[in-house]
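What follows is a set of notes on a single structure, which appears directly below.
The values are calculated or read from the model by the stated rules, or taken from the named source; none is laboratory data. Just so you know, these numbers come straight off a predicted model, no measurement behind them. All Cβ positions, even for glycine, are placed from backbone atoms using ideal geometry, and neighbour counts span all protein chains on display. The area values use the complete protein model at the heavy-atom level, side chains included, leaving out ligands, DNA and RNA. Shrake-Rupley method; radii C 1.70, N 1.55, O 1.52, S 1.80 Å.
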Amino acid sequence: THLGTLVSIQTNAFVAANTACITDGALVRIPKNVVVDAPIVILSIIHADTSSVLVQPRNLIEVGENAQVSIIMRTESYGNNATLTNVVTECFLHAGAQCSWTSLQDDHEQAAMIHSMQLHQKAHSVSRLMTVSLSGSVVRNDVGAILAEYGAEANMLGVYSIAGSSLVDNHTVMDHRVPHCHSNELFK
């Protein structure tokens, strides 16, 4: 019931391509009042030994009321050919939920990555998003948080350290739909 409800295929061509050709991904549902002690790691390993590769994973995360989880997403590409990873992540935080999300991008110089991530937060939920971009030919991060109910809090942090002809492009949106929400954003 949640897949495709936060991201728009009408306004984002990368999301439309991912929706049409989902090749893989993760579904994470944390039940109400559950605290997950260890981080959940979503690891994508791409082999481009014999030809160029396009992968389009779709992640759907739902964190129940008063639940807590930490998720780490990592993509690794191997081989001498170009890769394009077009990831879409939709994340739903119910009332009082807490979610920490880390996206680590450290690929070979012919790897490109596009990550479209959208969060929807209910009352008193807290999100912490960290994007770390260290290499790759082109990296684009489109990250948005919808603060839909009173007391929601979103924190977006990002850091990139690249060399040569690498390009990192970060686009962020904090959508305060109701008053009395809190957001922080810092990218360096």
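Go through region 173-183 residue by residue and turn each phi into a ³J(HN,Hα) via Karplus (6.51, -1.76, 1.60, θ = phi - 60°); whole Hz please, and just put x for glycine and proline.
9, 10, 9, 7, 7, 9, x, 6, 10, 10, 9
Whole angstrom only: what separates the Cα centroid of region 159-179 from the Cα centroid of region 20-73?
20 Å
With a 1.4 Å probe and all protein chains left in place, how much of the accessible area of the chain comes from carbon and sulfur atoms, in whole percent? Walk me through the numbers on the way to the answer.
Numbers: 4920 of 9060 Å².
Heavy-atom surface of the chain belonging to carbon and sulfur, 1.4 Å probe: 54 percent.
Taking the solvent-accessible surface of protein heavy atoms with a 1.4 Å probe, what is the per residue accessible area of region 43-180 in Å²?
Computed with neighbouring chains in place, this is 40 Å² per residue.
Using amide H atoms built 1.01 Å from N in the peptide plane, name the residues 5+ places from Val143, or on other chains, whose amide H lies under 5 Å from its own.
Amide H to amide H, under 5 Å and 5 or more residues apart or across chains, Val143 pairs with Met117, His171, Thr172, Val173.
Add +1 for every Lys or Arg and -1 for every Asp or Glu among the other residues with Cβ under 12 Å from the Cβ of Arg74, and state the total. Walk me through the intermediate numbers first.
On the way: positive: none; negative: Glu76, Asp106, Asp107.
Neighbourhood net charge equals -3.
For Asp37 and Leu186, calculate 0.36 nm times their separation in residues minus their Cα-Cα distance, and state this gained length in nm to one decimal.
51.0 nm
Within a Cβ distance under 14 Å of Ser161, other residues only, what is the Lys/Arg minus Asp/Glu net charge? Write down the numbers at each step before the final one.
Values: positive: Lys188; negative: Asp106, Asp107.
Taking every other residue near Ser161 into account, the sum is -1.
Let me check the size of region 1-129 from its C-alpha atoms; what are the radius of gyration and Dmax in Å?
Expressed in Å, the Cα Rg and Dmax of region 1-129 come to 15.4, 49.
For Trp101, list long-range residues whose amide hydrogen, built 1.01 Å from N in the peptide plane, is under 5 Å from its own amide hydrogen.
It is Ile71, Arg128, Leu129, Met130, by chain and number.
When you count, for each residue, the other Cβ atoms within 10 Å and take the mean per peptide, how do 15-22, 162-169 rank with the highest first?
On the way: 15-22: 16.5, 162-169: 12.8.
Highest to lowest by the protection proxy: 15-22, 162-169.
What net charge is computed for the residues neighbouring Met130, neighbours being all others with C-beta under 13 Å from the C-beta of Met130, Lys and Arg scored +1, Asp and Glu -1? Mind showing how you got there, number by number?
Values: positive: Arg74, Arg128, Lys188; negative: Glu185.
Charge balance near Met130 sits at +2.
Please list 3J(HN,Hα) in residue order for region 53-63, calculated via the Karplus relation 6.51 cos²θ - 1.76 cosθ + 1.60 where θ = phi - 60°; whole Hz, with x for glycine and proline.
10, 10, 10, 9, x, 10, 10, 10, 10, 10, 10
Relative to the Cα centre, what is the charge dipole magnitude of region 1-122, using +1 at the beta carbon of each Lys and Arg, -1 at the beta carbon of each Asp and Glu, and rounding to the nearest 20 debye?
Values: 5 positive and 10 negative charges, 89 e Å.
Result for region 1-122 is approximately 420 debye, rounded to the nearest 20.
How much accessible area does Met113 have with a 1.4 Å probe, in Å² rounded to the nearest 10?
Taking all protein chains as shown, Met113 has close to 10 Å².
Taking amide H atoms as placed 1.01 Å from N in the peptide plane, list the residues 5 or more away in sequence, or in a different chain, whose amide H sits under 5 Å from that of Ile42.
Result for Ile42 returns Ile72, Met73, Arg74.
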